Amino acid sequence: MLMRLHDIDRMFNAMDLLQRRLTGEPVPNSGRPLFAGLNVPQPGPSANLYDQGENLEMTLEVPGMGKDDLTIKIQGNYLEVSGKREADAPEGYSAHRVERGTSSFTRSFTLPAEVDSGKVEARLNNGLLVLVLPKAEAAKPKQITIK
C-alpha cells in the first residue's frame, strides 16, 4: 500500500513538471510530496535539488555509505543514483544483534535541464552526497542582441 502511494505521488510530481515546462510558470505546492503528512517511506535517500543558474546542485543523504558503494549515471537530463550497503561484521565474528543489515536503493530523477555529463562533480562528506551538475550549453539562457 505504501509503495502505491509513492507511485501516485511520483505521477503527480511528473504532471507538475510537465505543466511547468508547457506554461513556463511555477506550479503552486511544487516540490512538496502530495502525501507528505502520511510519512510514506521513500525507496531511497532523501534528496534536495537546487538551480544555481549555471549549475544544478543535488544533495542526497547516504549515511554509512562510502564512494565505492555508490553508482551515479547521467544522460541528458536523466540522473540515476544507486547504492548498496554490505554487512559490516568482521570476518569470524558471530552477530548478536543486526539492525543495520544489508540494503540497496536506486533513485532516478528527471532534471529540469540538460546536463553536461563530462563536467559533473561528486563529493561525499559526512553521509551527504553532493552532485554539482553543470547545465549543457544548449540549456543555458542566451542573451540576444537586437540589431
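Derivation of every value follows stated rules applied to the coordinates shown; laboratory data play no part. Note that the structure is a prediction, hence the values are computed from the model and not measured. All Cβ positions, glycine included, derive from the backbone under ideal geometry; neighbour counts span all protein chains shown.
Near the amide H of residue 78, within less than 5 Å, lie the amide hydrogens of 111, all on another chain or at least 5 residues away, with H placed in the peptide plane. Sorting 79-85, 50-56 by their mean Cβ neighbour count within 10 Å, with the most densely packed peptide first, gives 79-85, 50-56.
Applying both filters, DSSP loop and at most 12 other Cβ atoms within 10 Å, to the chymotrypsin sites (Phe, Trp or Tyr not before Pro) of region 72-147 gives 93.
The H on the amide N of residue 136, modeled in the peptide plane, is under 5 Å from the matching H of 114, 115, 116, each at least 5 residues off or on a different chain.
Derived scalar couplings between HN and Hα for region 61-69 equal 8, 9, x, x, 10, x, 5, 6, 8 Hz in order, rounded to whole Hz, by the Karplus curve 6.51 cos²θ - 1.76 cosθ + 1.60 (θ = phi - 60°), x for Gly and Pro.
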